[in-house]
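The values are calculated or read from the model by the stated rules, or taken from the named source; none is laboratory data. Source: prediction; values computed, not measured. When we count neighbours, we look across all protein chains shown, and the Cβ atoms used for this are built from the backbone with ideal geometry, even at glycine.
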Amino acid sequence: MKILVTGGLGFIGSHTVVELQNEGYEVVIIDDCSNSSEKVLEGITSITGKTPLFEKIDLKEKSKVEDFFKRHADVKGVIHFAASKAVGESVEKPLLYYENNIGTLVYLLKELAAKNKASFIFSSSCTVYGQADEMPITESAPVKQAESPYGNTKQMGEEIIADTCKVNENLNAIALRYFNPMGAHPSVMIGELPIGVPQNLVPFITQTGAGLREQLSVFGDDYPTPDGTCVRDYIYVVDLAKAHVLALKRLLEGDNSDNYDVFNVGTGKGSTVLEVIKSFEKVSGKKLNYKIVDRREGDITTAYADTTKANEVLGWKSQYSLDEAMKSAWDWEQKIRS
Ligand SMILES: NC(=O)c1ccc[n+]([C@@H]2O[C@H](COP(=O)([O-])OP(=O)(O)OC[C@H]3O[C@@H](n4cnc5c(N)ncnc54)[C@H](O)[C@@H]3O)[C@@H](O)[C@H]2O)c1
């Protein structure tokens, strides 16, 4: 069965391609390599022994998307990772984010809505909850006013899919709201490859550990949390990838009761920034050079998932601990620096 993975050369996409291939799906990747490299294909191939089909297409080019679906009429499902994801940049360049994250989504949905039957998985984010009022966060927690154009593209993306599903019974979709993805494949053949200064805590930590960055700034230690630093739910990227396969299967096999649904994907456990640093120090045997600085504007205090829905409905549960995920991230960092 042929599955299109957009952004399949990226961090989460590449790990999901591996899991899809391991489950016997035929994968075709669309990526424009704006935040990745064709070399990732070699990493995927060395893990699975199969090279996925790859088309270098910019999804903003509507005619190329249309042409792709003419040539690949047998695509049964789409996992849509391709998007721009830097929160700060989205504030500077909102139209770039609306075009790349919303325009491309609309082009894909148009193609899928025209099919007799299609399944669609969307990369959403816990950012839609903002600072939720209650922990852990369930899927029924209210969606809060987005803090950035990036966050807004995820909220709008979900609404666009829900509206489209309402009038297209043939279209089945799931939005997965990721908490904080981290780590690399245990084979260390694929992992996270941030371009420029990492936006996320874990690659910043591993780059600092590897000497690429001088110091990690910890933004605030006076939050109402166990050690005063912010709490997030760090989910191992391979666990996250597996959630996509289960969500897709649910749709392909027609097990879903609604044709649009949302699921949290996290571990259900919150970790403070200092706990994440300690985990790095434990698995690497290195002391990390970090400094507590003032709070950063826009940071929420605490976010961790209630994963009951994904556990019960998708039959999915995270398997790996923070230390195991951190070890993979550190192994990967050392490999790409060697
Ligand atoms: N990494 C996170 O912390 C996180 C958290 C929540 C949600 N998400 C979402 O998950 C998805 C994947 O994130 P990631 O961390 O793997 O990002 P990534 O940047 O590593 O992967 C995205 C891929 O999409 C490609 N791409 C971007 N625009 C494209 C376009 N117009 N046409 C074709 N390809 C295009 C990029 O080249 C890249 O390979 C994104 O939608 C992101 O918003 C990520």
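Cβ-Cβ below 6 Å, separation at least six or inter-chain, first residue in the range 42-68 and among the basic types (K, R), second within 11 Å of the ligand (Cβ to nearest atom) and not in a helix (DSSP H, G or I): which pairs?
Listed by first residue and then by second, the contacts come to K64/I57.
Of all residues in the range 208-227, count the ones that are touching a residue at least 60 places away in the same chain (Cβ under 8 Å) and closer than 21 Å to E89 by Cα.
Adding up the residues that qualify gives 4.
Output yes when any residue across the range 313-323 is assigned to a helix (DSSP H, G or I), hydroxyl-bearing (S, T, Y) and in contact (Cβ under 8 Å) with a residue 12 or more places away in the chain, and no when none is.
no
If you go through the range 155-184 one residue at a time, how many are of a type in the set (F, W, Y) and not in a strand (DSSP E or B)?
Result for the range 155-184: 1.
Restricting attention to the range 16-41, which residues are within 13 Å of the ligand (Cβ to nearest atom), touching a residue at least 60 places away in the same chain (Cβ under 8 Å) and touching a Pro at 6+ places or on another chain (Cβ under 9 Å)?
Matches in the range 16-41: N35 only.
Does V188 qualify as being without any contact (Cβ under 8 Å) to a residue 60 or more places away in the chain, more than 15 Å from the chain's Cα centre (by Cα) and surrounded by fewer than 21 Cβ atoms within 10 Å (Cβ to Cβ)?
Here the answer is no, as V188 does not meet what is asked.
If I filter the range 121-137 down to residues being within 20 Å of E159 (Cβ to Cβ) and more than 13 Å from the ligand (Cβ to nearest atom), which single residue comes out as modelled with the lowest pLDDT?
G130
Going by the structure shown, is I161 aliphatic (A, V, I, L, M), modelled with pLDDT of 95 or more, more than 16 Å from the chain's Cα centre (by Cα) and closer than 22 Å to T16 by Cβ?
Yes.
Which condition number in (1) touching a Leu at 6+ places or on another chain (Cβ under 7 Å); (2) within 16 Å of the ligand (Cβ to nearest atom); (3) among the acidic types (D, E) is the one that E158 fails?
The failed condition is (1).
When only residues in the range 1-31 that are more than 17 Å from the chain's Cα centre (by Cα) and part of a loop (DSSP other than H, G, I, E, B) count, which is farthest from A243 (Cα to Cα)? Spell out how you get there, then give the answer.
Residues of the range 1-31 more than 17 Å from the chain's Cα centre (by Cα): 1-3, 21-28.
Add one more test, that the residue is part of a loop (DSSP other than H, G, I, E, B), and what stays is 1, 23-25.
Values: M1: 18, E23: 13, G24: 16, Y25: 15 Å.
Ranking the qualifying residues of the range 1-31, first place goes to M1.
I'd like to know if the range 60-82 contains one or more residues that are of a type outside the set (V, I, T) and farther than 28 Å from K166 by Cα.
No, every residue in the range 60-82 fails to be of a type outside the set (V, I, T) and farther than 28 Å from K166 by Cα.
Taking the criterion of being surrounded by 22 or more Cβ atoms within 10 Å (Cβ to Cβ) and among the hydroxyl-bearing types (S, T, Y), would at least one residue in the range 193-207 satisfy it? If you could, list the steps in order and put the result at the bottom.
Initial filter on the range 193-207 (surrounded by 22 or more Cβ atoms within 10 Å (Cβ to Cβ)): 202-203, 205-206.
If we keep only those that are among the hydroxyl-bearing types (S, T, Y) as well, we get 206.
The answer is yes, given that some residue of the range 193-207 is surrounded by 22 or more Cβ atoms within 10 Å (Cβ to Cβ) and among the hydroxyl-bearing types (S, T, Y).
Given the conditions (1) within 16 Å of the ligand (Cβ to nearest atom); (2) free of Cβ contacts under 8 Å to residues at least 24 places away in the same chain; (3) closer than 30 Å to K2 by Cβ; (4) not polar (S, T, N, Q), and given that P198 satisfies all but one, which numbered condition is not satisfied?
Going through (1) within 16 Å of the ligand (Cβ to nearest atom); (2) free of Cβ contacts under 8 Å to residues at least 24 places away in the same chain; (3) closer than 30 Å to K2 by Cβ; (4) not polar (S, T, N, Q) one by one, P198 breaks only (3).
Does the range 325-334 contain at least one residue that is among the polar types (S, T, N, Q), surrounded by fewer than 20 Cβ atoms within 10 Å (Cβ to Cβ) and either touching a residue at least 12 places away in the same chain (Cβ under 8 Å) or not in a helix (DSSP H, G or I) (or both)?
The answer is yes; a qualifying residue exists.
Pick from the range 55-103 the residues that are assigned to a strand (DSSP E or B) and within 9 Å of the ligand (Cβ to nearest atom): which of them is surrounded by the most Cβ atoms within 10 Å (Cβ to Cβ)?
For the range 55-103, the residue satisfying everything is H80.
State which residue is farthest from E61 (Cα to Cα) when the search covers only the range 105-119 and only residues that are over 20 Å from the mean Cα position of the chain (by Cα) and in a helix (DSSP H, G or I).
A113
Quick check on my filter: what residues within the range 17-54 are out of contact with any Leu (no Cβ under 8 Å at 6 or more places or on another chain) and β-branched (V, I, T)?
V17, V18, I44, T45, I47, T48
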